[in-house]
Amino acid sequence: MIFISGATGQLGTAVINALLERGTPAAQIVAGSRKPEAAAAFATRGIQVRTADYADPASLVAAYQGIEVLYLVSGDAPIEIRSAQHRNAIAAAVKAGVKRVVYTSFVDTAEDSPFGFARIHADTERALAKSGLETTILRHGVYADILPAFVNGFAERGAIASPNAQGKAAFIARADLAAAAAVVLSAREHAGKTYTLTGPSALNMAGIAALLAARSGKPVAYQVMPAADYAAMLVQATGMPDWLAEALAGMFVAMDRGGYDNQSGDFARLLGRDALPVEAVLAEQLGL
Ligand SMILES: NC(=O)c1ccc[n+]([C@@H]2O[C@H](COP(=O)([O-])OP(=O)(O)OC[C@H]3O[C@@H](n4cnc5c(N)ncnc54)[C@H](OP(=O)(O)O)[C@@H]3O)[C@@H](O)[C@H]2O)c1
């Protein structure tokens with residue numbers, strides 16, 4: 001049986017749908033969530049729903065019973081808490097006799113990255129390597145689907161801003177990451193492998209501004225903003241916590257180090273097609 005963590009989340013839901021589309025029987029899928037009531041729709045489709053909270057080791061050991069492959073979705077807590085939660089999940093997988101863990105890592109796992117969440121992925125990859133479990137690491141590129149949140153109001157303001165100067169990212173849509181996950185979850189030959197899942201083209205944020213201008217027919221300037229100012233602006237505009245705003249601002253700085261423009265080709269090798277280019281995802285999301 002395959003356990004999908006974060007099953008009510010955007011990625012987890014897409015992975016379950018991708019597994020079903022590939023012909024995985026519903027009875028072979030277990031949907032994990034902290035709020036099983038929010039996952040009730042899966043039960044009506046013949047998918048077992050189990051309560052699993054990365055912060056509650058006992059819930060994880062119980063949830064992972066009889067599971068062969070665990071899709072471990074990165075959580076959403078601050079750095080140290082989330083790293084500890086992922087280690088809870090790995091320890092519980094060992095206790096419960098899980099054979100393989102497929103982990104949603106990130107294209108950036110550098111300990112010294114300006115993107116603080118890179119340390120979570122480095123820590124989790126290390127914990128998996130030490131665990132004795134079979135593992136498949138999926139190093140995700142930046143989701144193309146999160147870009148609209150960063151360019152909100154571009155047409156009215158005639159500009160977008162971020163701390164990114166020049167460095168590009170090979171953005172990839174969640175739907176493509178889910179399709180790749182379904183392939184990897186379905187076959188043991190992917191044990192011991194690390195795949196870098198990125199889109200077929202890369203843009204920096206100035207390129208995103210140019211794309212928005214071309215598609216909307218309106219001028220969209222691009223401004224490089226100091227990371228601290230940008231984080232403060234995110235907090236003010238969205239009410240997100242400081243630690244999250246600082247991490248997101250750091251991600252745009254980290255793009256300038258070059259590693260996010262990693263067009264590895266792994267996605268095309270796994271799926272036999274290219275991922276959707278960021279241009280197409282953004283245009284569809286924004287109706288341009
Ligand atoms: N590569 C990127 O650009 C990028 C962008 C955004 C996020 N991410 C990462 O990718 C993950 C999935 O993205 P998404 O868009 O699907 O996010 P999402 O819609 O916010 O879903 C996050 C999921 O994480 C699960 N989760 C959080 N804390 C948990 C805990 N303590 N125990 C068990 N499950 C927990 C939640 O499960 P329940 O609420 O059902 O319990 C939820 O389903 C995010 O959590 C984040 O780490 C990556």
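Structure notes:
- Residues within segment 60-76 that are over 15 Å from G192 (Cα atoms), outside any loop (DSSP other than H, G, I, E, B) and more than 9 Å from the ligand (Cβ to nearest atom), tallied: 4
- Of all residues making up segment 1-45, the number that are under 16 Å from I67 (Cα atoms) and among the polar types (S, T, N, Q): 4
- Residues (open to solvent by 60 Å² or more (accessible area, probe 1.4 Å) and touching a residue at least 24 places away in the same chain (Cβ under 8 Å)) located in segment 242-272: W243, E246, D256, R257, D261, Q263
- Where helices (runs of 4 or more DSSP H) sit wholly within segment 78-195, those with at least 3 residues that are touching a Gly at 6+ places or on another chain (Cβ under 6 Å) and surrounded by 15 or more Cβ atoms within 10 Å (Cβ to Cβ) occupy 79-96.
- Residue within segment 27-39 that is in a loop (DSSP other than H, G, I, E, B), closer than 20 Å to V184 by Cβ, open to solvent by 20 Å² or more (accessible area, probe 1.4 Å) and within 11 Å of the ligand (Cβ to nearest atom) present: no
- Screening the candidates A237, A232, A214 for the property of being farther than 19 Å from A149 by Cβ, in a helix (DSSP H, G or I) and open to solvent by 30 Å² or more (accessible area, probe 1.4 Å) yields one hit, A214.
- Matching residues, segment 44-59, being near the ligand (Cβ under 10 Å from one of its atoms), more than 18 Å from the chain's Cα centre (by Cα) and open to solvent by less than 40 Å² (accessible area, probe 1.4 Å): A52, S59
- Here is the figure for segment 2-25: residues that are of a type in the set (G, A, S), open to solvent by less than 20 Å² (accessible area, probe 1.4 Å) and more than 12 Å from the ligand (Cβ to nearest atom) total 1.
Matching residues to (1) in contact (Cβ under 8 Å) with a residue 24 or more places away in the chain; (2) under 18 Å from the mean Cα position of the chain (by Cα):
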| position | (1), (2) |
| --- | --- |
| S83 | yes, yes |
| A92 | yes, no |
| R100 | yes, no |
| F115 | yes, yes |
| R119 | yes, yes |
| K130 | no, no |
| L133 | yes, no |
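The values are calculated or read from the model by the stated rules, or taken from the named source; none is laboratory data. All figures in this text were calculated on a predicted structure; none of them were measured in a lab. With ideal geometry, Cβ positions are generated from the backbone for all residues, glycine too; neighbour counts draw on all protein chains shown. Please note that ligands, DNA and RNA were not included when accessible areas were found on the heavy atoms of the full protein model with its side chains. Shrake-Rupley method; radii C 1.70, N 1.55, O 1.52, S 1.80 Å.
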